[in-house]
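The structure appears right after this line, and notes come after that.
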Amino acid sequence: DAKASVRWLRANANRLQLSPDHITAVGGSAGACSVVGLATTFESDYKAELSVAEDPTLTTTNLQEKSSIATGLVQWGGEYVPLYTQLRDPQNRSRYTTANAPLSTYHGTADGVISIAEEDGLIAGYKGTGVIYEQHALQGWGHGADAAAVNDASTQGKNVSQHEVMFEFVTRV
């Protein structure tokens, strides 16, 4: 569904007056999994499992458009989608490539729902590609820490809202 949404945006870019080359996906928790999926899956993933003959509604999902994003913003997410997608791939191909979208993540160090350690695989996968990956550990915060300020090397030790850091990331990358 997330990939179909991006394809819809691309198909309607002129009418919506947006640049299809600058689509950013943002999500928290389960939505973060969708963002990670958009950033890491191959174009063919979740597109070719069914034919139009099997599901005629596929014709409405703009299959001719790309589903890639320019950047992703992830709040308290993990590595589930690239791992699951690789596991179900008959060729067992890693989803970490130079084609991945740059990611900026925000995660509470006291998250009891999705541990910040769940990002370790993402960090390692991205490190191997050279694609930008920034993790912002929100010290002492739990799951759903939208109000937490970022205070790390990227903010030079100042408390800065996640949204300001996100905006800076998207405009810089």
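Name the residues in region 114-161 that are open to solvent by 30 Å² or more (accessible area, probe 1.4 Å), among the charged types (D, E, K, R) and under 23 Å from Asn100 (Cβ atoms), would you?
Glu118, Asp120, Lys127, Glu134, Asp152 - these are the residues of region 114-161 that are open to solvent by 30 Å² or more (accessible area, probe 1.4 Å), among the charged types (D, E, K, R) and under 23 Å from Asn100 (Cβ atoms).
In this structure, is Ala4 over 29 Å from Ile116 (Cβ atoms), touching a residue at least 24 places away in the same chain (Cβ under 8 Å) and aliphatic (A, V, I, L, M)?
Spelling it out, Ala4 is indeed over 29 Å from Ile116 (Cβ atoms), touching a residue at least 24 places away in the same chain (Cβ under 8 Å) and aliphatic (A, V, I, L, M).
Identify, by number, the condition in (1) surrounded by 18 or more Cβ atoms within 10 Å (Cβ to Cβ); (2) among the hydrophobic types (A, V, I, L, M, F, W, C); (3) over 13 Å from the mean Cα position of the chain (by Cα) that Leu58 doesn't meet.
With (1) surrounded by 18 or more Cβ atoms within 10 Å (Cβ to Cβ); (2) among the hydrophobic types (A, V, I, L, M, F, W, C); (3) over 13 Å from the mean Cα position of the chain (by Cα) applied to Leu58, the lone miss is (1).
So that you can scan it fast, the table gives a plain yes or no per residue for (1) open to solvent by 10 Å² or more (accessible area, probe 1.4 Å); (2) in contact with a Ser or Thr (Cβ under 6 Å, 6 or more places away or on another chain); (3) on the phi < 0 side of the Ramachandran plot:
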residue	(1), (2), (3)
Leu63	yes, no, yes
Ser67	no, no, yes
Thr71	no, yes, yes
Val74	no, yes, yes
Tyr80	yes, no, yes
Tyr84	yes, no, yes
Arg95	no, yes, yes
Ala99	yes, no, yes
Ser104	no, no, yes
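Taking the conditions exactly as written (free of Cβ contacts under 8 Å to residues at least 24 places away in the same chain and either open to solvent by 70 Å² or more (accessible area, probe 1.4 Å) or part of a strand (DSSP E or B) (or both)), does Glu164 satisfy them or not?
Yes.
The values are calculated or read from the model by the stated rules, or taken from the named source; none is laboratory data. Keep in mind it's a predicted model, so treat the numbers as computed, not measured. Heads up, the Cβs are rebuilt from the backbone with ideal geometry, glycines too, and the neighbour counts pull from every protein chain shown. Note: areas computed on protein heavy atoms with side chains; ligands, DNA, RNA excluded. Shrake-Rupley method; radii C 1.70, N 1.55, O 1.52, S 1.80 Å.
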